[in-house]
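Quick notes on the structure that follows.
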Amino acid sequence: MNEKKWFALYTRARWEKKVSEILTRKKFENYCPINKVVRQWSDRKRVVHEPLFTSYVFVRASDFDIAVLKQVQGVINFVYWLGKPAVVRNSEIESIREFLAGHVNIRLEKTPINMKDKVRILSGPLMELEGEVLSVKSRTVKVALPSLGYLMFAEVESENIKVISRSIPAPVNMSYPLYAIR
């Protein structure tokens with residue numbers, strides 16, 4: 001049996017939603033994460049819906065589907081890791097869904113991930129997820145998506161975070177830590 005896995009497709013610029021629609025019509029399970037962003041014009045504010053990951057759409061498919069998916073209009077290629085299409089864990093897709101359901105105006109930062117203190121989120125859309133501290137700043141959560149190499153940002157109250165174990169002594173003023181969840 002050739003099981004279905006999540007893959008990341010690299011698309012033409014501004015084709016994320018179109019590729020998602022085409023994949024849906026071709027009966028491929030796919031996910032184009034949409035971010036709600038507040039835009040300010042001179043006379044008004046408006047919430048716009050735009051793809052969270054520029055030029056990326058996730059598709060759940062088997063290895064047999066790879067050749068067909070490369071031929072979909074708007075798809076440039078798969079995202080590769082070590083010479084093979086990169087597999088995105090189900091838990092990461094679910095984390096993205098939960099994060100988007102609970103937050104707006106999400107920003108992405110491409111970054112390598114450094115591991116330090118282990119933490120657990122106590123409430124909110126990421127409740128019970130465990131992760132590791134990246135740095136200590138303001139009131140921001142960083143959610144690590146290791147197979148994509150991205151972090152998602154959103155505000156979280158420090159009382160909703162519990163330190164499980166420390167790798168180094170905590171700084172004296174640790175009022176609002178910045179975390180990565182995995």
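The set of residues in region 33-61 that are assigned to a loop (DSSP other than H, G, I, E, B) and within 15 Å of residue 79 (Cα to Cα) comprises 53, 54, 55. Filtering region 32-46 to residues that are surrounded by fewer than 18 Cβ atoms within 10 Å (Cβ to Cβ) and under 20 Å from the mean Cα position of the chain (by Cα) leaves 34, 36, 37, 38.
Go through region 16-32 and give me each residue that's part of a loop (DSSP other than H, G, I, E, B) and in contact with a helix residue (DSSP H, G or I) (Cβ under 9 Å, 6 or more places away or on another chain).
The initial filter retains those residues of region 16-32 that are part of a loop (DSSP other than H, G, I, E, B), namely 26-28, 32.
Selection gives 26, 28, 32.
Of all residues in region 49-92 being among the small types (Gly, Ala, Ser) and within 15 Å of residue 14 (Cα to Cα), which is modelled with the highest pLDDT? Result: 74. Among the residues of region 79-97, is there at least one that is assigned to a loop (DSSP other than H, G, I, E, B), touching a residue at least 24 places away in the same chain (Cβ under 8 Å) and either at positive phi or over 22 Å from the mean Cα position of the chain (by Cα) (or both)? No, the conditions are met nowhere in region 79-97.
The values are calculated or read from the model by the stated rules, or taken from the named source; none is laboratory data. Computed from a predicted model, the values in this text were never measured in an experiment. When we count neighbours, we look across all protein chains shown, and the Cβ atoms used for this are built from the backbone with ideal geometry, even at glycine.
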